[in-house]
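Novice: One structure, as structure tokens, below. Some questions next.
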Amino acid sequence: MEISVLGSGYVGTTVAACFADLGHEVTAIDIDEEIVATLNEGEAPIHEPGLADLIAEHAGDTLRATTDYGAVPETDVTFMALSTPSEPDGSIDTSIIEAAAESLGEAIADKAATHQVVVKSTVVPGTTEDRIAPRIAAGAGPVGEAFEIGMNPEFLREGSAVDDFQDPDKIVLGAESEGARESMRAVYDPLVEGVETSVVETGIREAEMIKYANNAFLATKVSLINEIGNICKEYGVDAYEVADAIGLDYRIGRAFLDSGAGWGGSCFPKDVAALIAAARDVGYDPTLLEAAVEVNDKQPGRMLALLDEHVDVAGRRVAVLGLSFKPGTDDIRESRAIPVIEGLLDRGATVVGYDPVATERMRERFPDIEYADSAAAALDGAAGALVTTDWDEFAALDAEFDRMATPVVVDGRHIVSRRDGITYEGLTWN
């Protein structure tokens, strides 16, 4: 099929490359000329394992990029993968996707055949039908005649987005017409034929809500195990042994039971905040979701409190290992390292950060702290260290800890293997 993808951020770039890899002819459309040029040169504009190889393989062949919406009418299906950033109250700002919808409508106004539009951006229930479709219709004509619209939420985890696309747990197709469903099925037929996955066909509003419910459940699960872990810490109980045991219950499962520094990134904080705001907007008080956020927000402070128990960091060097919000990505949005660094600076510490890939992004946020080229260099002479991202290389650290002035380590990710010779504090277990 001929597919156009509006937006070349994390989601848009990944799905465009993966659609091309399925054999579709894909046109990525973005207003950023630098991103467009990068894609056409066969390079990835973001760090995501496996993505650079796909782009290098398909650029100039089944994948091309442009800033021109005039390419849209030449395609069968358009996926809208545009940003919906958070407003101060947590609600989503739909101005970007609404503006794109207007441009899309104008682009397909004279197209003879009905055009299929699929919203892939994360939007609260009602947005696709009440805010996006009317903007397209203003230029193109009525839904069902000029275009069909559907909702196909993404479940791509940064750091494993390509694998998640190619081997999904589920594919959710939200539509109100059979024509829209048929078009979306056709897009995914080459993928479904090759893997075992559940294809969920539902209404548009249900599809919108499934994405929020998915992330809210996982975020709440993490906050719950962090709450349990915090209690375990007070009793001297190994929270990970507890998690291993309760994870054997098929109703609970072991995934997302690693208590520690809490969740961050581009999805959990934004989506939980948006769902809270949406609930309040219709008069419902989402008490449990609010509590999940409260617990999460306190976890970095618990790391700092554990460090305070062992060393006064004022005027001393402290290493922060891991700057991205999770391993496998250079994304620092809502990284737990940010409040940790802020807390250390408030205490008068000299902060040195290290991350395999996210240093430059964090440097934009904290230009005045020191950044090391290796974990060993970060630990050299440090009075303490805090581990905020579970990069595999941190598990292999051993002699590096001997370079510290006072070897005090607070491991917020249960990744450090060495215990002997250092004063160790896990965030949740001894």
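The values are calculated or read from the model by the stated rules, or taken from the named source; none is laboratory data. These numbers were taken from a predicted model, which means no experiment stands behind them. As a convention, Cβ positions derive from the backbone with ideal geometry for all residues, glycine included, and neighbour counts pool all protein chains shown. Heavy atoms of the whole protein, side chains included, go into the accessibility calculation; ligands, DNA and RNA do not. Shrake-Rupley method; radii C 1.70, N 1.55, O 1.52, S 1.80 Å.
Novice: So, ASP189, is that one closer than 30 Å to SER4 by Cα and of a type in the set (D, E, K, R) or not? Working first, answer last.
Specialist: On the way: closer than 30 Å to SER4 by Cα: yes; of a type in the set (D, E, K, R): yes.
Yes, satisfied.
Novice: Scan the range 262-278 and give yes if some residue there is crowded, with 21+ Cβ neighbours inside 10 Å, touching a residue at least 12 places away in the same chain (Cβ under 8 Å) and of a type in the set (S, T, N, Q), otherwise no.
Specialist: No - not one qualifying residue is present in the range 262-278.
Novice: Can you tell which of THR67, THR14, THR62 is of a type in the set (S, T, N, Q), closer than 23 Å to ALA358 by Cβ and touching a helix residue (DSSP H, G or I) at 6+ places or on another chain (Cβ under 6 Å)? Spell out how you get there, then give the answer.
Specialist: Numbers: THR67 fails: closer than 23 Å to ALA358 by Cβ; THR62 fails: closer than 23 Å to ALA358 by Cβ.
Answer to the selection: THR14.
Novice: OK, next. Hey, among the residues in the range 396-410 that are more than 17 Å from VAL313 (Cα to Cα) and either in a strand (DSSP E or B) or of a type in the set (A, V, I, L, M) (or both), which one's least open to solvent (accessible area, probe 1.4 Å)?
Specialist: In this case the residue turns out to be LEU397.
Novice: Give the residues of the range 215-253 that are of a type outside the set (A, V, I, L, M), open to solvent by 70 Å² or more (accessible area, probe 1.4 Å) and either under 27 Å from ILE276 (Cβ atoms) or touching a helix residue (DSSP H, G or I) at 6+ places or on another chain (Cβ under 8 Å) (or both), sorted by residue number. Show your work before the answer.
Specialist: Taking the range 215-253 as the starting set, the residues that turn out to be of a type outside the set (A, V, I, L, M) are 215, 217, 220-221, 223, 226-227, 229-230, 232-236, 238, 240-241, 244, 247, 249-251, 253.
Among the residues that remain, those that are also open to solvent by 70 Å² or more (accessible area, probe 1.4 Å) are: 217, 227, 234-235, 241, 244, 250-251.
Within the range 215-253, PHE217, GLU227, ARG251 qualify.
Novice: Cβ-Cβ under 6 Å, sequence separation 6+ or interchain: first residue in the range 143-158 and part of a loop (DSSP other than H, G, I, E, B), partner at pLDDT below 95. Which pairs?
Specialist: GLU158/THR329; GLU158/ASP331
Novice: Take MET303 and tell me if it is on the phi < 0 side of the Ramachandran plot, open to solvent by less than 40 Å² (accessible area, probe 1.4 Å) and modelled with pLDDT of 95 or more. Can you show your working first?
Specialist: Values: on the phi < 0 side of the Ramachandran plot: yes; open to solvent by less than 40 Å² (accessible area, probe 1.4 Å): yes; modelled with pLDDT of 95 or more: yes.
When the stated conditions are applied, MET303 passes them.
Novice: Here is a follow-up. Please specify each residue of the range 135-144 satisfying the condition of being within 15 Å of LEU104 (Cα to Cα) and loosely packed, with under 15 Cβ neighbours inside 10 Å.
Specialist: Let us first name the residues in the range 135-144 that are within 15 Å of LEU104 (Cα to Cα), namely 135-143.
The answer is ALA138, PRO142.
Novice: Conditions: (1) touching a Gly at 6+ places or on another chain (Cβ under 7 Å); (2) without any contact (Cβ under 8 Å) to a residue 40 or more places away in the chain. ASP244 meets all but one. Number of the miss?
Specialist: Condition (1) is where ASP244 drops out.
Novice: So, one more: Go through the range 38-58 and give me each residue that's in contact with a Gly (Cβ under 9 Å, 6 or more places away or on another chain) and in contact (Cβ under 8 Å) with a residue 60 or more places away in the chain.
Specialist: Those that are in contact with a Gly (Cβ under 9 Å, 6 or more places away or on another chain) and in contact (Cβ under 8 Å) with a residue 60 or more places away in the chain: ILE46, HIS47, GLU48, PRO49.
Novice: How many residues are closer than 17 Å to LYS270 by Cα and either over 11 Å from the mean Cα position of the chain (by Cα) or free of Cβ contacts under 8 Å to residues at least 60 places away in the same chain (or both) if we restrict to the range 325-334?
Specialist: 1
Novice: Could you list all residues from the range 168-198 that are aliphatic (A, V, I, L, M), surrounded by fewer than 15 Cβ atoms within 10 Å (Cβ to Cβ) and either free of Cβ contacts under 8 Å to residues at least 12 places away in the same chain or in a strand (DSSP E or B) (or both)?
Specialist: None - no residue of the range 168-198 is aliphatic (A, V, I, L, M), surrounded by fewer than 15 Cβ atoms within 10 Å (Cβ to Cβ) and either free of Cβ contacts under 8 Å to residues at least 12 places away in the same chain or in a strand (DSSP E or B) (or both), so the list stays empty.
Novice: Considering only residues that are open to solvent by 10 Å² or more (accessible area, probe 1.4 Å), closer than 16 Å to ILE415 by Cα and assigned to a loop (DSSP other than H, G, I, E, B), which ones fall in the range 375-395?
Specialist: Listed by number, the residues that qualify are ASP390, TRP391.
Novice: Of all residues in the range 335-374, count the ones that are open to solvent by 20 Å² or more (accessible area, probe 1.4 Å), closer than 22 Å to GLU425 by Cβ and among the aliphatic types (A, V, I, L, M).
Specialist: 1
Novice: Specify which of the listed residues (SER4, SER8) is surrounded by 21 or more Cβ atoms within 10 Å (Cβ to Cβ), of a type in the set (Gly, Ala, Ser) and assigned to a loop (DSSP other than H, G, I, E, B). Explain how you work it out, then say what you get.
Specialist: Numbers: SER4 fails: assigned to a loop (DSSP other than H, G, I, E, B).
The match here is SER8.
Novice: Considering only the range 127-134, I want to know if a residue exists there that is assigned to a loop (DSSP other than H, G, I, E, B) and buried (at least 19 other Cβ atoms within 10 Å of the Cβ).
Specialist: Looking for residues that are assigned to a loop (DSSP other than H, G, I, E, B) and buried (at least 19 other Cβ atoms within 10 Å of the Cβ), one finds none in the range 127-134, hence no.
Novice: To continue, here is another question. From the residues in the range 52-108 that are in a loop (DSSP other than H, G, I, E, B), among the acidic types (Asp, Glu) and over 21 Å from VAL187 (Cβ atoms), which one is least open to solvent (accessible area, probe 1.4 Å)? Lay out the reasoning, then the answer.
Specialist: From the range 52-108, those in a loop (DSSP other than H, G, I, E, B) are 60-62, 67-68, 75-76, 81-85, 87-91, 93-94, 108; that's our starting set.
Still in the list and also among the acidic types (Asp, Glu): 61, 68, 76, 87, 89, 93.
Applying the additional criterion that residues be over 21 Å from VAL187 (Cβ atoms) yields 68, 87, 89, 93.
On the way: ASP68: 88, GLU87: 74, ASP89: 100, ASP93: 40 Å².
It comes out as ASP93.
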